[in-house]
Each structure stands twice: as C-alpha cells, then as structure tokens.
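Enquirer: Encoded as structure tokens, here's the structure I'll be asking about.
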Amino acid sequence: MLQKRIPLLIVFITGIVMAVQYFVPHPVSQHIYDTSLKWDRAVASMAYILAIVSFLRFHTRRLKDKKYALYSTVSLVAFFTMVLVGFVLGTDERSLFQDIYKNMMVPLQATTFSLLAFFMSSAAYRAFRIRGLEATILMITAFVIIFGTTTIGNYVPYMNDIVEWIMAVPNLASKRGILIGVGLGVVATSIKIILGIERNWVGG
Amino acid sequence: MSFNAVLMVLFLSPPRVFSPDGTGKKLTVQISLPKEVQVQITSLQLVRECKTGEIDTLDILPFLKAYTDNDLNYKVEYRYKILAFSNGNLIHESEWSDFAKPKAEWFDTSKLPLFIVMILFTVIIIFYIFQARANKRLFLRPIAGLEAVNEAVGRATEMGRPIIFISGLSTISDIATIAALNILSHIAKRAGQFETRIIVPCYDPVVYTIAREMVKEAYTTIGRPDLFNGDDIYFATDSQFGYAAHVAARMVREKSATNFFMGYYFAESLILSETGASTGAIQVAGTDSVAQLPFFVVTCDYTLIGEELYAASAYLSRDPLLTGTIKGQDLAKLLLTVVIFGLSILSLFGVNLTLGLF
Amino acid sequence: MKEFFIKLSKLDRKYIYFIILVGLVLPLIFPPKFPQKLSPQVKRVFEYIDTLPRGSYVILSADYDPSVAPEVHPMYKAVVKHCILKGIVPIGVTLNVQGAGLAIDAFQEAEMTVSARRDTDYVFLGYQAGGAVVILGLGEDIKGVYKADYFGTRTKDIYALKPVKNYRDIALVMSFSGSSIPASWAVYAYTRYGVRVAAAVTGVSAGDFYPYIQSGQFIGMLAGMKAAAEYEYAVNNLLKERNIERYSTSAIRMMDANSIGQLLIILFIVVGNIGYFLSRRRK
C-alpha cells in the first residue's frame, strides 16, 4: 500500500507546486522551476542508459533466432560502428561520423519518408468509397482539394476560390474545435493525475 | 566641440528606472534623449552601479528608447547612467538615477484571467468528482473506438497472434503520451487475462522505462506477474523514420492481429497504419495530432479523435471518479462555447471584448 | 466489363505503388510541360512586387531550413530574381540559422542568371538570433540590428543601403518558412509598424495562415509546390521578355510530377468507386 501511496503523494505535491509556480514570478519560484528542469534532464539521460541496455538485450537475444538474426546483426553492427567512429575519430563537422550520418542515415530516412507518396495513394484508393452521405461529402471534398491543387486545377473556373474556402473555413473551424477539446482534455487529465484519481501508472 | 559641451550642460537629467515585472531579475532603464542629441548618436552605453560598489558598462543599440537589464539580484540595489557617443566622442552623460531594486512579486497579475479560468475549471471537475462519489449515475455517450478495444484484444486471443501497442512519438511531458500509457495499462490487464502477448516498441527512453513498469504493474494487479516478458517492451530507436521502419517490419513479421496507435504522431503515422492495414490487422488509433487524424481515419478501423483519447481511461475503467472528470470537462467546454459564441455575436456588432483571455 | 472493374477495384497495392512510381519518375525525366496559370494568391503577390516602383526595397526573410527546401527554396529563388529584374532591391535576412546557406544560394543564382551585383542590386545581411526581437529591431534601425552584412561589410558602407533606415523605407516584407515564423512577422512588423507582409509557406502549413490573409495582415501567400511552380513560371516569362535564357524549372518539373501523382490518385478513387458500386449491386 505504501508502495503506491508514496509515489501518489510525490505527484500530488510536485503537481500542485508546479501549477502554482506558473503564476509566481518571484526568483524563488524560478529557482524551483530551473531545478526541476535540471532534474528532468538528469532523469532523461539516465533513461538513455536503460534504453541502450534494452536495445542491446533485445537484439543480442534475437541473434539466436534464425528468423531475425540477420536484421539484428545489422542493427548491432550499425550501433557499434557509430559508437566507435564517434568516440575514436570525433563528431565534428568534417568527421567520418558526420559523413556516415549524411550519406547513409539521411538518405535512408528520406527513403522511408518518401514511402508516404505510395501509402497515400493506396490508402486513398481503399478509403474514399461512397458508402453513405458523410463518406460521399468526404470524397467530394478530397476530390476538389486534390484536383484543385494540381496545375490543371487552375483552368477550372472558381476552383482556386473553392479550395481556399474549404481550407480557410470548414477545415480551420474543425481543427480549432478539436484543439479546444484537446486543451480541456489535457487539463482534465492533469488534474486527475495530480489528485490521484488516475492511478494506472502505479498499477491502478 | 563647443556644441557638444553645451549639450552636456543642458541635458543631464537622470534616466528613469523601474521593474517591468515581478521576476526580481529585471530593471528597465528608460532612455529619453532630446532629438538633437538622438540624431548624432552612433553608440550608446549604460553604466550600472550596484550599491555594493561594483560598476559595469553595457553597450546597447543606439536607437533604443528603453533597455531591460536582465539577470539581476532582487536583493541588491542598482543605479544607472547613460553615455552617448558620436563617432567615439562622448556627447552626452546623464546623472545617476536613483537606486532601485528589481521587484520580486508573489503573483503575476497579468496571468490573473488564466488563473481564474484554471480555478473555475478545477472547481467544476472536483464538483463532478464529488457527484460521482455520491453515486449519481453519470451517462457517457458510447465511443465506438473504445467499445472496440475489448473486441480487438479478443480477436488477437482468438487468432493466437500478438498485439502491438505504440504510445506515440512524443515525450512523457506530452499529456497525450500519458493518456496513451493509461490506455496501455488497461489493454495489458485485459490481454493478461486472456494470456495474449503484447509488444510495445518504444521511441523515447523515458517513455520506455515507464511503459515497462506499467505493463509489469498491470500483470501484477491481475495476479499474473509471470506473464511479463521484458523483451516485449523495449526501446527501438529515437530516429523518427527508423522507428517507423522497425515497427512496420515487426507488424509484417509478427503478423500482429491487433495494432493500437495511441498518443502523438508526426509524418510517420501513415507509414505505420497503412502497413498495419496491409497485414489485415484490426487497428485502433487515438491521437490529438490534428494533422495526422485524417490518415488514421482512412487506415484504421476505429479512431479516437482529440479529447476522446483523454477520455479513454475513464471510459475503459468505468471508475465513477474518472467519469466525473469527463462530465466536468464537458461543462467547461459548454461554458467556453457560450463565451466564444457570445463574443463572436458582439464582434459582429463591432464590440470587441476579449476579457483579457485572448 | 463489370468483372473487370470489380477486379480492378480489388487491385493489389503493389500495382498501385508501381503505377505511382512510374507516374512520379517519368515526368521528372520527360517533363510534360503542363500549361501554367497563376492562381489568385500567387497573382496577388506577383503583381504587388511587379508594380512596385524601381528602387523600392523589400526584405526577403529566409526563415526555412533544408527539410522544407524542395517547396520553399524555389519560391525564394524566383522572388529574388523577380525583384532584381524589376529594379527592386531585395534585402536578404534570415531568422533561421540554417536559412543563411540556402538564401545565399538563391542570390548566387541571381548573380549568374540576371547578373545581380552584390551591395548594388541586392543586399544579404544573413542570420540574426533573437526572432521577434530582430523583427522589432528592424522596425527601428536596420543598420543598428545588422552592424555588418553576411560577408562582413559594414552596413553603413553598403551603397544600396544608404537610403534605408527602417520599415518606413521598406515596401514589403516576405517571410519564407515551413514553421510559424510568418505569423510573427504579421504580428510584430505589420501590426506594430504597418509594413506590408507576405508569406511563402509549405502546402501542409498553409491552412494555418489563411486567417492572416482574411484579416489583411498578409497581402498574399504562396502556398506549397504549386505556388512555387507558378511563380517560377511567371519569372521565366519575364526572363523570356528580356531574352535571358537561363530559366529555372525545378519547381515546375516537380509540380508536373506532383500533378500526375495527384491525378492518378483521383483515377484510383474513381475506379475503386465504380468497382465498389458494381460489386454492391451484384450482391
């Protein structure tokens, strides 16, 4: 029981202190805030150690599994190569570390990113079906926006005005509506955690 | 030279010094130089003297009308004087101002409207929590995406395949991530009851450590700590597209029966959810990332939109105290809608009130 | 026929990916050269700059980084060239540290294509840290905020900057960005100093800036690859008029490929719906 109560008490006290701190400009309050940020950074850097241990454990165990051995070997080799190159040859602008990053990591990330073009087409192919009234409105809107933002769309009268109206009025209004709900949800969740009503994180 | 000398005699008034806020760190020095002097100035210096005797000189931009001196000590008194130069020649030197202390206050009055709204909102929520305690039955509208959570876990059990849970690509300071982890706890308990495997690849180291503990706790709560497998809740990578590639690969290789995407997402959302859709998995997403919502809506079977993500924990647990907070949230939203509507109507008639809120 | 459409609507995604790949790569190799036409927003910005008197000054703020360069960089290059062709002096600044390298590339291209001369036809002041403070500072004294330009020349000694003190001497400020920086220009430069502001942003972020056009805080906005291609096309027409044959077509080519990709998606949606409709009738 105590095992649950102590973390709940810590959360309650720090939650209230940090909420009040926001409204207090006094240097003492600023000092509390700065100290908490330093703690935050210290905790996060310790978490990295645990994360790296987890990464290494995960991949070394999979080396025994034929199905995954190859992939995990690549992950481990890549990890140790970067660590070694970084520690031995440095990480400054003209180092091998930066070269590997720029010529391998960046293109690999760009390649994964570019998959979006393909995934978007297959998702659109499957999703925009005239199943009912709402789906039809969604499809027609998508149709107008997709067509309106092509070069040829400029040749259809009023197309640009319609696209602009859709983006500036219904699109923005719905976005803001969602954001207001999100804002309130964030505050409510914070209050629930501070008051200890939401306690899933200590096992419920 | 003689002209400069005349100026020096004429304009020796000290600068005005005051505290711009209550942080106890700042003093603003007002620089009011006559126009005749202003046009000649090429550089300006501010001399600061502490009551303890330390003197510092600060170079400031020549066109400034006020300069805010930062990082001061609220227990020390300071005074200032201005030196104005024209091409390196001193043309104006003011008298010392009076000694002033940076003001350190215990309440920022500019945040008063926000404070009132916060208190009001908290009171509303606490009121509904008490109502829930008094056993007043509170109605919650059915949310399809949350109704589907149990079904989705059940499906994975029937098929004998694992569940993949992603808690988003944001950090733990993002409330969406915390909401996602709360949902993870529910799902882990449910999956534990059915002895279904749950895989949680993590993007952020802090989130990883918390997710791991939460799943462990969830299994302990249902009395099955033996089911916890540390290798299934792991840190994958903190590279955005590297993570997307890893999770996509796991979905394909493990042939997961159910995928959950909860929390905050960026451009990788479609890569994750479309890959999941291609493997035929049942998918439930929940995010407050407005830009990524459309992608989840078209690729997932169920999507929790915005605040539904935050309501999920209360909905799944049916704990009256938690559902009380949702009622409070709804009332606050209603109040806010009335205020926005009222102010919009007023602005149509040319009355622009902001109540200090916006 | 019916069966064909039903089959087509259940087409494996591999084939869809292949068609999209071909649709995107082919127009990059063999440009289809779709006819271009200026959309109203692009026209507004183009005409505003086009009708400024010779010798006017505009501030072009390169507030973007390489991640959004494919969309925003062609716009920056086209606007720089447009200004120089019309005898307007662009003053290049940047509030994003990575923007300096990109902006200097645009000015170097202008040197090669339209024979722009540094410190006479254009000025490049470079990066200044501080965000909103810089925007406010430029409203008071540009040479006070930038004591030297990007190349180390004292701003007081730059010939082209002699008549310029602050926003009162600037006809337009244009912020090129993939983030919310253009909003800061609207709030601090327009609202406080009344200088005209325009924005050039990515397609994804365009939705956030429409309210600024509605309220008149922006005179216009260039949004996404389409606007980049249209502006590039308009500037190419100016170059043609002057018999300068060094056109830039990077945005036009990318937009052509983009258009084909988008049209293919529309085609997929239509085919998918025909198949869906027919299979439902059969049931």
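Enquirer: Among the listed residues B:R137, B:R161, which satisfies the condition of being more than 14 Å from chain A (Cβ to nearest Cβ), closer than 29 Å to B:I210 by Cβ and part of a loop (DSSP other than H, G, I, E, B)? Let's see the steps before the verdict.
Expert: Details: B:R137 fails: closer than 29 Å to B:I210 by Cβ.
Within the list B:R137, B:R161, the selection yields B:R161.
Enquirer: Within the group B:A152, B:A66, B:A134, which residue is exposed (fewer than 13 other Cβ atoms within 10 Å of the Cβ) and out of contact with any Leu (no Cβ under 9 Å at 6 or more places or on another chain)? Steps first, answer last, please.
Expert: Numbers: B:A152 fails: exposed (fewer than 13 other Cβ atoms within 10 Å of the Cβ); B:A66 fails: exposed (fewer than 13 other Cβ atoms within 10 Å of the Cβ).
When all the criteria are applied, what remains is B:A134.
Enquirer: Related question: Identify all residues within region C:39-48 that are surrounded by fewer than 19 Cβ atoms within 10 Å (Cβ to Cβ) and modelled with pLDDT of 90 or more; write none if there are none. Explain how you work it out, then say what you get.
Expert: Restricting attention to region C:39-48, the residues satisfying the condition of being surrounded by fewer than 19 Cβ atoms within 10 Å (Cβ to Cβ) are C:40, C:43-44, C:47-48.
Result: C:K43, C:R44, C:E47, C:Y48.
Enquirer: Please determine, by comparing only the residues of region C:1-37 that are buried (at least 16 other Cβ atoms within 10 Å of the Cβ), modelled with pLDDT of 90 or more and under 23 Å from the mean Cα position of the chain (by Cα), which one is nearest to the other protein chains (Cβ to nearest Cβ).
Expert: Among those that are buried (at least 16 other Cβ atoms within 10 Å of the Cβ), modelled with pLDDT of 90 or more and under 23 Å from the mean Cα position of the chain (by Cα), it is C:L24.
Enquirer: Still on this structure: Just give me the residues in region C:168-210 being modelled with pLDDT under 90, within 19 Å of C:A132 (Cβ to Cβ) and in a helix (DSSP H, G or I), in sequence order.
Expert: Residues satisfying the conditions are C:V187, C:Y188, C:T191, C:R192, C:Y193, C:D208, C:F209.
Enquirer: In addition: Restricting attention to region B:164-178, which residues are surrounded by 18 or more Cβ atoms within 10 Å (Cβ to Cβ) and either under 21 Å from the mean Cα position of the chain (by Cα) or part of a loop (DSSP other than H, G, I, E, B) (or both)?
Expert: The first filter runs over region B:164-178 and keeps only residues surrounded by 18 or more Cβ atoms within 10 Å (Cβ to Cβ), leaving B:164-170, B:172, B:174-178.
Those that are surrounded by 18 or more Cβ atoms within 10 Å (Cβ to Cβ) and either under 21 Å from the mean Cα position of the chain (by Cα) or part of a loop (DSSP other than H, G, I, E, B) (or both): B:I166, B:S167, B:G168, B:L169, B:S170, B:I172, B:D174, B:I175, B:A176, B:T177, B:I178.
Enquirer: Out of the residues in region B:293-338 that are more than 9 Å from chain A (Cβ to nearest Cβ) and within 22 Å of the chain's Cα centre (by Cα), which is surrounded by the fewest Cβ atoms within 10 Å (Cβ to Cβ)?
Expert: Top of the filtered list is B:A312.
Enquirer: Also, quick follow-up: Can B:G230 be described as at positive phi and either touching a Phe, Trp or Tyr at 6+ places or on another chain (Cβ under 6 Å) or surrounded by fewer than 20 Cβ atoms within 10 Å (Cβ to Cβ) (or both)? Step through it out loud before you land on a result.
Expert: Details: at positive phi: no; either touching a Phe, Trp or Tyr at 6+ places or on another chain (Cβ under 6 Å) or surrounded by fewer than 20 Cβ atoms within 10 Å (Cβ to Cβ) (or both): yes.
Considered against the rule, which asks whether it is at positive phi and either touching a Phe, Trp or Tyr at 6+ places or on another chain (Cβ under 6 Å) or surrounded by fewer than 20 Cβ atoms within 10 Å (Cβ to Cβ) (or both), B:G230 comes out as no.
Enquirer: Quick check on C:I266: is it β-branched (V, I, T), farther than 24 Å from C:S56 by Cα and within 7 Å of another protein chain (Cβ to nearest Cβ)? Explain how you work it out, then say what you get.
Expert: On the way: β-branched (V, I, T): yes; farther than 24 Å from C:S56 by Cα: yes; within 7 Å of another protein chain (Cβ to nearest Cβ): yes.
Against the criterion (β-branched (V, I, T), farther than 24 Å from C:S56 by Cα and within 7 Å of another protein chain (Cβ to nearest Cβ)), C:I266 qualifies.
Enquirer: Condition (residue is assigned to a loop (DSSP other than H, G, I, E, B), within 25 Å of A:F113 (Cβ to Cβ), away from every other protein chain (no Cβ under 12 Å) and touching a residue at least 12 places away in the same chain (Cβ under 8 Å)) applied to region B:248-260: is it met by at least one residue?
Expert: First, the residues of region B:248-260 that are assigned to a loop (DSSP other than H, G, I, E, B): B:255-257.
The next check asks that each one be within 25 Å of A:F113 (Cβ to Cβ); those that pass are B:256.
Retained after the next criterion (residues that are away from every other protein chain (no Cβ under 12 Å)): B:256.
Still in the running and touching a residue at least 12 places away in the same chain (Cβ under 8 Å): B:256.
There is at least one residue in region B:248-260 that is assigned to a loop (DSSP other than H, G, I, E, B), within 25 Å of A:F113 (Cβ to Cβ), away from every other protein chain (no Cβ under 12 Å) and touching a residue at least 12 places away in the same chain (Cβ under 8 Å).
Enquirer: Just wondering, is there one or more residues in region C:135-147 that are at positive phi, of a type outside the set (A, V, I, L, M) and more than 22 Å from the chain's Cα centre (by Cα)?
Expert: Looking only at region C:135-147, we keep the residues that are at positive phi, and these are none.
Checking region C:135-147: not a single residue is at positive phi, of a type outside the set (A, V, I, L, M) and more than 22 Å from the chain's Cα centre (by Cα).
Enquirer: Now for a different question. Identify the residue in region B:179-210 that is of a type in the set (A, V, I, L, M) and within 10 Å of chain A (Cβ to nearest Cβ) and, among all such residues, is surrounded by the most Cβ atoms within 10 Å (Cβ to Cβ).
Expert: First, pick out the residues of region B:179-210 that are of a type in the set (A, V, I, L, M): B:179-181, B:183-184, B:187-188, B:191, B:198-200, B:206-207, B:210.
Right, trim to within 10 Å of chain A (Cβ to nearest Cβ) and you get B:179, B:181, B:183-184, B:188, B:206-207, B:210.
Numbers: B:A179: 31, B:L181: 25, B:I183: 25, B:L184: 27, B:A188: 29, B:V206: 21, B:V207: 26, B:I210: 20.
Among them, the one singled out is B:A179.
Enquirer: Which is more than 25 Å from A:A42 (Cα to Cα) and at pLDDT below 95, of B:G280, B:G230? Step through it out loud before you land on a result.
Expert: Numbers: B:G230 fails: more than 25 Å from A:A42 (Cα to Cα).
Result: B:G280 is the single residue among B:G280, B:G230 that is more than 25 Å from A:A42 (Cα to Cα) and at pLDDT below 95.
Enquirer: Moving on to the next point. Keeping to region B:42-67, report how many residues are under 14 Å from B:T28 (Cα atoms) and touching a helix residue (DSSP H, G or I) at 6+ places or on another chain (Cβ under 9 Å).
Expert: Qualifying residue count, region B:42-67: 2.
Enquirer: Starting from region C:13-26, keep only residues that are touching a residue at least 12 places away in the same chain (Cβ under 8 Å) and assigned to a helix (DSSP H, G or I), then list their pairs with residues that are surrounded by 14 or more Cβ atoms within 10 Å (Cβ to Cβ) and of a type in the set (G, A, S) whose Cβ atoms are within a distance under 6 Å, requiring at least 6 positions of separation or different chains.
Expert: Between residues of region C:13-26 that are touching a residue at least 12 places away in the same chain (Cβ under 8 Å) and assigned to a helix (DSSP H, G or I) and residues that are surrounded by 14 or more Cβ atoms within 10 Å (Cβ to Cβ) and of a type in the set (G, A, S), the close pairs are C:I16/A:S121; C:I16/A:S122; C:I20/A:S121; C:G23/C:G261; C:L24/C:A257; C:L24/C:G261.
Enquirer: Further question on the same structure: Out of all the residues in region B:214-227, which are at the interface with chain A (Cβ under 8 Å from one of its Cβ atoms) and either under 20 Å from B:F261 (Cα atoms) or touching a residue at least 24 places away in the same chain (Cβ under 8 Å) (or both)?
Expert: To start, the set of residues in region B:214-227 that are at the interface with chain A (Cβ under 8 Å from one of its Cβ atoms) comprises B:214, B:217-218, B:220-221.
B:M214, B:E217, B:A218, B:T221 - these are the residues of region B:214-227 that are at the interface with chain A (Cβ under 8 Å from one of its Cβ atoms) and either under 20 Å from B:F261 (Cα atoms) or touching a residue at least 24 places away in the same chain (Cβ under 8 Å) (or both).
Enquirer: Do you know which residues across region C:68-120 are outside any helix (DSSP H, G or I), free of Cβ contacts under 8 Å to residues at least 60 places away in the same chain and buried (at least 20 other Cβ atoms within 10 Å of the Cβ)?
Expert: Matches in region C:68-120: C:P90, C:G92, C:V93, C:T94, C:A116.
Enquirer: Another question, then. Among (1) farther than 30 Å from C:L138 by Cα; (2) in a loop (DSSP other than H, G, I, E, B); (3) not assigned by TED's automatic domain parsing to the domain that holds B:F18, where does B:F130 come up short?
Expert: (2)
Enquirer: Another question about this same structure. Within region A:137-154, count every residue that is surrounded by fewer than 18 Cβ atoms within 10 Å (Cβ to Cβ) and at the interface with chain C (Cβ under 7 Å from one of its Cβ atoms). Walk me through it before giving the result.
Expert: Taking region A:137-154 as the starting set, the residues that turn out to be surrounded by fewer than 18 Cβ atoms within 10 Å (Cβ to Cβ) are A:137, A:140-141, A:143-145, A:152.
Still in the running and at the interface with chain C (Cβ under 7 Å from one of its Cβ atoms): A:143, A:152.
Qualifying residue count for the region: 2.
Enquirer: Identify, by number, the condition in (1) crowded, with 20+ Cβ neighbours inside 10 Å; (2) closer than 22 Å to C:V195 by Cα that C:T51 doesn't meet.
Expert: (1)
Enquirer: Restricting to region B:298-314, name every residue that is modelled with pLDDT under 90 and over 30 Å from A:I130 (Cβ atoms).
Expert: Of all residues in region B:298-314, those modelled with pLDDT under 90 come to B:298, B:313-314.
Answer for region B:298-314, where residues must be modelled with pLDDT under 90 and over 30 Å from A:I130 (Cβ atoms): B:S313, B:A314.
Enquirer: Inspect region B:172-182 for any residue being in contact with a Pro (Cβ under 9 Å, 6 or more places away or on another chain) and of a type in the set (S, T, Y) and give the result as yes or no.
Expert: Start the filter on region B:172-182 by keeping residues that are in contact with a Pro (Cβ under 9 Å, 6 or more places away or on another chain), which leaves none.
No - not one qualifying residue is present in region B:172-182.
Enquirer: If you don't mind, another one. Which of the residues spanning region C:27-43 are in a helix (DSSP H, G or I) and closer than 30 Å to C:F218 by Cβ? Before the answer, list the steps.
Expert: Looking only at region C:27-43, we keep the residues that are in a helix (DSSP H, G or I), and these are C:27-29, C:40-43.
The answer is C:P40, C:Q41, C:V42, C:K43.
Enquirer: Could you check region C:44-59 and list, in sequence order, the residues that are touching a residue at least 40 places away in the same chain (Cβ under 8 Å) and either at the interface with chain A (Cβ under 10 Å from one of its Cβ atoms) or in a helix (DSSP H, G or I) (or both)?
Expert: C:R44, C:V45, C:F46, C:Y48, C:I49
Enquirer: Any residue in region C:210-235 that's closer than 18 Å to C:P70 by Cα and facing another protein chain (nearest Cβ under 10 Å): show its pairings with residues that are surrounded by fewer than 24 Cβ atoms within 10 Å (Cβ to Cβ) and of a type in the set (K, R) at Cβ separation under 8 Å, as long as the two are six or more apart or on different chains.
Expert: Hits for this filter: C:E230/C:K37.
Enquirer: Can you work out which of the residues in region B:264-292 that are more than 11 Å from chain A (Cβ to nearest Cβ) and hydrophobic (A, V, I, L, M, F, W, C) is surrounded by the fewest Cβ atoms within 10 Å (Cβ to Cβ)?
Expert: The residue in question is B:I282.
Enquirer: Just give me the residues in region C:121-138 being surrounded by fewer than 14 Cβ atoms within 10 Å (Cβ to Cβ) and among the β-branched types (V, I, T), in sequence order.
Expert: If we filter region C:121-138 for residues that are surrounded by fewer than 14 Cβ atoms within 10 Å (Cβ to Cβ), which is where we start, we get C:129-130, C:133.
Residue satisfying the conditions is C:V133 alone.
Enquirer: Taking the stated definitions as given, is C:D169 surrounded by fewer than 23 Cβ atoms within 10 Å (Cβ to Cβ), acidic (D, E) and under 27 Å from C:G203 (Cβ atoms)? Before the answer, list the steps.
Expert: On the way: surrounded by fewer than 23 Cβ atoms within 10 Å (Cβ to Cβ): yes; acidic (D, E): yes; under 27 Å from C:G203 (Cβ atoms): no.
No: the conditions fail for C:D169.
The values are calculated or read from the model by the stated rules, or taken from the named source; none is laboratory data. Keep in mind the model is a prediction, meaning the values are calculated, not measured. Cβ: placed from backbone, ideal geometry, glycine included. Neighbour counts: every protein chain shown.
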